[in-house]
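Here is the structure we will look at.
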Amino acid sequence: MEKLRDITVLYTACGAIYTPAFIDCLKDNGERNIRVIGADMAYDETMIPLIDKLYVTPKAIEPGYIDSLLEICEKEKVDVLIPGMSNELLKLLENKEKFDAIDTKVSLSNRKSIEIATDKYRFYSFLKENNFPVPKFALVRCADDLIEACKYCGYPEKSVCVKATNLSGSRGIRIIKSDVSRFDILFGEKPNSMYTTMEELLSTLREKNSMPEMMAMEYLPGVEGSVDIIGDNGKVIYAGYRESTVNLASIPQVAEIKENKEAIEIAKAVCEALGIDGNADFDFKADENGHPVLMEVNPRVAATMKIFKKAGMNLPYLRIKQLLGEELPKVEIKYGVKMKRRYQEMFSE
């Protein structure tokens, strides 16, 4: 195989726990050398052995963030920038021409798909308007909306999931189950449990005069899974399904590559409707009849990308090839590949 030219990739939010997997996907690509530059809002010495260079930037919400990335890209001659956070996508899109001017390609989808996918209530409304199956859902703008919204979603006969519409990483998510008390949660659930009671959540929301917008939705009892894709302006060119049997803070701890044509067909249809370009992660949960129901879409590289690499589909690297305009290979995904996430200490002196 002819070796391709060496390139430099900038990865933001590189302090994330899944960064080692991302770096492995890039470094172990079988075709070329990739120099990986990391950017994060905090300097972490334990990252030094993993990446080729580390830069500290302002937070994504701060004014100097884009300028700092542009400076890094120009100084390091970055070929491709891969965003690691959802909350930076629109800001990067608004400044895409500046990166184009210095020959840095940024992995981004279009404005419509980013705006809809990063607002959970707007995303559910989009699914409903386009006749995709969705659980019952209702908007919660203040604490007083919570009870009626949950009743609409089936509470107390059914459990209800309440989540912030514009947060990620399991922030602002709780599951209200009528037959679970605070005593049961204290002694029967682990400290990271998302279960709560109606009384406790109401009390929490009333602590402040205002609150982030939330939504209530019917809680689905089935197994969780995700379809990870690469889109080409709405057309899916790579797709695979992973079932997640153990999750912690929305990140799968135990997963397996399986065949799920129903979930993949839904992902393809939504990808087309939104015109998604590049990496995206479609999160599903099965209903009481075992059918996959789409819960949300993250228009970026997913945390559990490495399981697909092990199954023969290196999604971060394939996206880089797509951005560089290179010929994309045919991929045969291997079913039955299993993953179990374990701790591995990293040290610095």
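Structure data summary
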quantity: Helical mean residue ellipticity (222 nm; -39500 (n - 2.57) per DSSP H run of 4+; nearest 500) of the chain; calculated: -8000 deg cm²/dmol
quantity: Cβ-Cβ FRET estimate between GLU327 and ASN110, R0 fixed at 30 Å, reported to 0.05; calculated: 0.80
quantity: Extent along principal axes [Cα atoms of the range 227-280; Å; largest to smallest]; calculated: 32, 22, 15
quantity: Highest-first arrangement of 258-265, 177-184, where packing means the average Cβ count within 10 Å; calculated: 258-265, 177-184
quantity: Amide hydrogen neighbours beyond the local backbone of TYR55, cut-off 5 Å, H modeled; calculated: GLY38, ALA39, ASP40
quantity: Spin-label proximity, GLU207 to the range 222-261 - amide N less than 11 Å from point 7 Å beyond Cα toward beta carbon; calculated: none
quantity: Extreme residue, positive dipole direction of the chain, given options CYS73, ALA149, SER181 (C-beta unit charges); calculated: SER181
quantity: For the range 136-218, convex hull volume per residue from C-alpha positions, Å³; calculated: 87 Å³
quantity: Amide N proximity, the range 311-349 versus ARG32 label position 7 Å along Cα-to-Cβ, cut-off under 18 Å; calculated: 314-330
quantity: Bridge type composition, the range 7-107 - antiparallel percent by DSSP, nearest 5; calculated: 0 percent
quantity: Within the range 143-166: backbone nitrogen closer than 19 Å to the HIS291 label point (7 Å, Cα to C-beta); calculated: 154
quantity: Antiparallel DSSP beta bridges within the chain, percent to nearest 5; calculated: 75 percent
quantity: In nm, spacing of pseudo-spin labels at ASN233 and LYS3 (7 Å Cα→C-beta vector); calculated: 3.5 nm
quantity: Cut-off 10 Å between beta-carbons: net charge of the residues surrounding SER107, Lys and Arg +1, Asp and Glu -1; calculated: +2
quantity: Viscosity 0.890 mPa s, 25 °C: Kirkwood-radius Stokes-Einstein D of the chain over Cα pairs, µm²/s; calculated: 115 µm²/s
quantity: Simple spin-label estimate for GLU157 and MET41 in nanometres, 7 Å along Cα-Cβ; calculated: 4.4 nm
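Computed from the coordinates by the stated procedures, all read-outs in this text should not be read as laboratory data. The shown structure was predicted, so the numbers you read here are calculated from the model rather than taken from an experiment. All Cβ positions, even for glycine, are placed from backbone atoms using ideal geometry, and neighbour counts span all protein chains on display.
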